[in-house]
Amino acid sequence: MNRHDTPQAPGATDPGSGPARARAAAGTRPIKGGVSKDMQHDSAIKHVTGRATYCDDIAEPAGTLHAYLGLSTRAHARIMELDFSAVQRAAGVVGVLTAADIPGVNDVSPTGRNDEPVLAEQKVEFWGQPVFAVVAETRDAARRAARLARITYEDLPHVLEPDVARAQGGPYVTPPLTLKRGTAETELLKAPHRLKGEMRVGGQDHLYLEGHIAFALPGEDDDVTVHSSTQHPTEAQHMVAHVLGVPSNAVTVNVRRMGGGFGGKETQMNLFCAVAAVAAKKWHRPVKIRPDRDDDMSATGKRHDFVIDYEVGFDDAGVICAVKADFTARCGFSSDLSGPVTDRALFHADNAYYYPNVLLNSHPMKTNTVSNTAFRGFGGPQGVMAAERIIEEIAYALGRDTFDIRKANFYGTETRNVTPYHQTVEDNIAPRIVSELEQNADYQSRRQAVLDWNAKGGVIRRGIALTPVKFGISFTATWYNQAGALLHIYTDGSIQLNHGGTEMGQGLNTKVAQVVAEELQVDIDRIKITRTTTEKVPNTSATAASSGSDLNGMAAQDAALQIKERLTDFAAEQWQTDRSNIRFIANAVQIDEETVPFADFIRQAYMARVHLSAAGFYKTPKIHWDRATGKGRPFYYYAYGAACSEVSVDTLTGEYRVERTDILHDVGRSLNPVIDKGQIEGAFVQGMGWLTTEELWWDAQGQLRTHAPSTYKIPLASDRPRIFNVALVRWSENRENTIKRSKAVGEPPFMLGISVFEALSHAVASVAEYQTCPRLDAPATPERVLMAIERLRRG
Amino acid sequence: MAASAHQLRIDLTVNGTVHGIDIDPRTTLLDLLRETLDLTGTKKGCNHGQCGACTVHVNGKRVLACLTLAALCDGADVRTIEGVGTPEKLHPLQDAFIAHDGFQCGYCTSGQIMSALAALEEPWGPDDAAIKEAMSGNICRCGAYPNIVAAVQEVRKSAEGGRNA
């Protein structure tokens, strides 16, 4: 760790350490911050000293106004009258924005379905829907005034639950998907054993510590600049342009960093950006909008909850013959990203298991709730939950360990290797990872100890489970699998790096800088990573789908290689030597026998009029997907992992704790092991929270009642497993030609949290001698666990 | 703040600097720090006293700045993350957070560090369970808890070693 290195200052001297020392150091030691090295987060010092600037920390210019949203208090109603007279009279109020003030199109639907107004017109479709915005001299004034609006509603019937919506024949928000291979329905009838059941899997609020925020500054003509905390600056740019009715070239969106995103800032920031921009243009003053936590949680989307109806046929050995399942999702009032989210649930309904015959259907239901959106895993975790429930059902029906059933159904390598979407699994390492974890975590003897403990019949029961993860990497919207980067080398040898990805704590900027440091063989301190801005790299994709380093790392590498190529040409000509005699060594370039420090070399290249800037580009090869036929290769590769968790459950209260978790996770050849390990640990904790304590609860009127951390409980330090062992699969490298053979890490380990859920289920099953599948729904709150125990005890 | 007929004069010391400020009596310490004194290292996470991102020290004790009225800090000695260490000379706890990778997005980090600094002076036990309990008022949505606990433990142990030496 090199934690005391100060960021380089721009200037004429060598940014490393002065020309003399640079010469001494050139080529004599390996570079700092190359790939596959532990490298601290590029903002580490700023984070621990409180000096990292988030959107709300940007100094406000004089004259800055503040906007505050007014939200609906009905789940479904016609707006009969809007009375803002008291609002207008309130101290500090500059004005009120309604749908009528929107100069362009009143819509922020990210998929162009035109079903998501910025501000409601005529009717509201969920409790918490933005209806108007108050703009005032201070945030406090705007917030107080927003309470003074009088809205008269005429109630309409509302539906909150997805299965109720489906039973009523309610509409889909987006077309459903079917995945089909073989003849599931006939094979189910022929199978030696057949079971069917239902599982409810709850949603999840992102609870990023930094809430939504946008800060718009008006420019000349149509121009507006928006600072925001968004995972998708390009989409925010397009949405602001769309809402303002101006071309995209008039709008600039900037994001330096986010205080957490997790998918919650992939589309949900668009509305805030649009409101701030409209107000900024209307009043020709900077406008900032930042909702309170309660409003943030009420008005912005979450992970989709699902009701999953499944049917499985299997043989005496527990090998699956056929699976049929329906995935009914609470999508909320608009489509948002529900199409690709529900698609991904189906793509992962197999987890790591081979289904010889399969029929999967999605039902993306319209409900009078906030429009659900992206959240780490993007529907995949809900699909995996279904697969693991099916495994449990088989195990309890046959009186076997769930782990044996898992192993009996893994994808093969040469046979039994085709997914429900007809992609062949070419890189299956799940069995090896699981087998190693079985040894490392001492699964078999610990399971026996758990069984022995439970056999004593005490109040505290234990459970243990070892679960695998296989997760497909790539956006299923194939065109999103592209990225750009912009690299400048200045005449002092300092480097500025920009790419289309956004930093939300995952260490993307650090990883991409490591790639450039490696290619140019310079210390990472020489590279300044700037904010993400639509001005530098256009038409970017969301930093989502775990794709950040895969895409942007490759684009940055492309830019670095272009410049390196030009520099090599220059050196060959200048030194009159063959290109093969030119080597980029640590912080220097070696030409024949001469070693030239990097900064000197760059200065000479500049004098010789070499172009020292490059735009890099990358598009993921091999992938294609035909949604209509449900066939293709939507994923470039798969990331794998496994977790083994052991829990204790108090059978009198339903309370529990995680005693121990062991994780073995595949990140290919890691770009940065310490950052990857942090991602794995954090994802596990977040996945565990989703399935245990995090419960979204709407009342009968459709108001979300868990709208702050006081009622919505995410894991605390005290909830982490008491023993927690996390390891990377050291022998893995990506079979595909990804950036330095690494694998994506953002989402796959989220599903390691399922091991805790399965262990809880195991502990619950003990009260009925493991004869009955507990059919625990998620989240397995202590109440749910207790109810399951009582249900099993009653028989 | 919204216009108020009643302004209140308070004097307080923040990170060693004395400030005399006229405030709306409803102002929270958090808003005073962030909006009046431009000390933005202290974060507003939930504004409910539930997340810990706004943890600062008042007269040496950790408090949630979002639940503390600035008016009650008249005459107080306030310490924020800006008063702990500098990029050139980090406090050992800041060093430990970096060494143990005790953060991801960084938004909770100021609060975690302020909370841990105070907790190290409070009568908690030495084991991980005690540290986890002491830190359970500070949520980290990125889930960096194992590393946060490790960082706090490193500093606790070295301080203990110092005392015993």
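Where a number appears in this text, it was derived from the coordinates with a stated rule and is not lab data. Source: prediction; values computed, not measured. Cβ placement follows ideal geometry from the backbone for every residue including glycine, while neighbour counts extend to all protein chains displayed.
Dipole check for chain B: with +1 at the C-beta of Lys and Arg, -1 at the C-beta of Asp and Glu, and the Cα centre as origin, the magnitude is about 200 Debye.
For the stretch A:608-717, the square roots a ≥ b ≥ c of the C-alpha gyration tensor eigenvalues yield an a/c of 1.5 or more together with a/b exceeding b/c, which makes the shape prolate. Could you tell me whether chain B comes out rounded, prolate or oblate from its Cα gyration tensor? Rule is a ≥ b ≥ c as square roots of the eigenvalues, rounded for a/c under 1.5, then prolate if a/b exceeds b/c, otherwise oblate. Prolate is the answer for chain B, as a/c is 1.5 or above and a/b outweighs b/c.
Between the Cα long axis of helix B:109-119 and the first principal axis of chain B there is an angle of about 70°, rounded to the nearest 10. For A:PHE617 and A:GLU593, FRET efficiency with R0 = 41 Å and r from the beta-carbon atoms, rounded to 0.05? Calculated transfer efficiency: 0.65. Simple rule: put +1 on each Lys or Arg Cβ and -1 on each Asp or Glu Cβ in chain B, find the dipole, and look at B:LEU33, B:GLN104, B:SER158; the Cα lying farthest toward the positive end is B:GLN104.
Quick one: of the DSSP bridges fully inside the protein assembly as shown, what percent are antiparallel, nearest 5?
Counting only bridges with both partners in the protein assembly as shown, antiparallel ones make up about 80 percent.
The alpha-carbon of B:LYS44 sits under 12 angstrom from the alpha-carbons of these aspartates and glutamates, leaving out residues fewer than 8 places away in its chain: A:ASP56, A:ASP57, A:GLU210, A:ASP292, B:ASP31, B:GLU35.
Report the residues of the stretch A:134-172 in range of a label on A:GLU81: point 7 Å along Cα→C-beta, backbone N strictly under 16 Å from it. From the stretch A:134-172, the list is A:149-155. Computed from the alpha carbon positions, the gyration tensor of the stretch A:184-258 leads to an equivalent ellipsoid with semi-axes of 49, 18, 9 Å, biggest first. With a cut-off of 15 Å between beta carbons, the residues surrounding A:ARG78 carry a summed charge of -3, where Lys and Arg count +1 and Asp and Glu -1.
For chain B, what does the relative contact order come out to in percent, with C-alpha contacts under 8 Å and a separation of six or more?
Normalised by residue count, the contact order of chain B is 22 percent.
Measure out, as a whole number of angstrom, how far apart the alpha-carbon centroids of the stretch B:16-30 and the stretch A:461-480 sit. For the stretch B:16-30 versus the stretch A:461-480, the Cα centre distance is 50 Å. Taking the charge dipole of the stretch A:96-248 about its Cα centre, with +1 at Lys and Arg Cβ atoms and -1 at Asp and Glu Cβ atoms, the residue from A:ALA184, A:ALA136, A:THR174 reaching farthest to the positive side is A:ALA184. Within the straight-line cut-off of under 17 Å between alpha carbons, the aspartates and glutamates reachable from A:LYS631 are A:ASP343, A:ASP350, A:GLU426, sequence neighbours fewer than 8 places apart in one chain being disregarded. Positive-end ranking of A:ALA329, A:GLY339, A:ALA477 along the dipole of chain A, with charges on Cβ about the Cα centre, is headed by A:ALA329. Checking the cross-link pairs A:LYS180/A:LYS366; A:LYS713/B:LYS132; A:LYS470/A:LYS511; A:LYS46/B:LYS89; A:LYS302/A:LYS366; A:LYS511/A:LYS743 against a 21 Å limit on the alpha carbon distance flags A:LYS180/A:LYS366; A:LYS470/A:LYS511 as lying beyond it. Full extension of the chain between A:MET607 and A:THR653 yields a length gain of 8.9 nm, computed as 0.36 nm times the residue separation minus the alpha carbon distance. On the basis of the beta-carbon distance and an R0 of 60 Å, B:HIS48 and A:SER248 show a calculated FRET efficiency of 0.95. For the stretch A:652-764, the Kirkwood radius over C-alpha pairs fed into Stokes-Einstein at 37 °C and 0.692 mPa s yields D = 207 µm² per second. The sum of -39500 (n - 2.57) across all DSSP H runs of n ≥ 4, divided by the residue count of the protein assembly as shown, sets its helix-only mean residue ellipticity at 222 nm to -8500 deg cm²/dmol. Assuming a ≥ b ≥ c are the square roots of the Cα gyration tensor eigenvalues, decide whether chain A counts as rounded (a/c under 1.5), prolate (otherwise, with a/b larger than b/c) or oblate. In terms of gyration-tensor shape, oblate. A simple spin-label model places pseudo-atoms 7 Å from Cα toward Cβ; at A:ARG705 and A:ALA100 they are separated by 3.8 nm. Extending 7 Å from the Cα toward the beta-carbon at both A:ALA449 and A:ASN539 defines two label points whose distance is 5.9 nm. What distance in nm separates the simple spin-label points at B:THR17 and A:GLU198, each placed 7 Å from Cα in the Cβ direction? Distance between the two pseudo-spin positions: 6.2 nm. Here's the list of aspartates and glutamates a cross-link from A:LYS456 could span, going by alpha-carbon distance under 18 Å and ignoring same-chain residues fewer than 8 apart: A:GLU646, A:ASP650, A:GLU769. Of the beta bridges in the stretch A:138-281, as assigned by DSSP with both residues counted there, near 55 percent are antiparallel. Give the separation of the Cα centroids, the stretch A:304-376 to the stretch A:706-756, in Å. A separation of 22 Å, based on Cα centres.
Basic side chains Lys and Arg get +1 at the Cβ, acidic Asp and Glu get -1 at the Cβ, and with that the dipole of the stretch A:421-486 about its Cα centre reaches some 400 debye.
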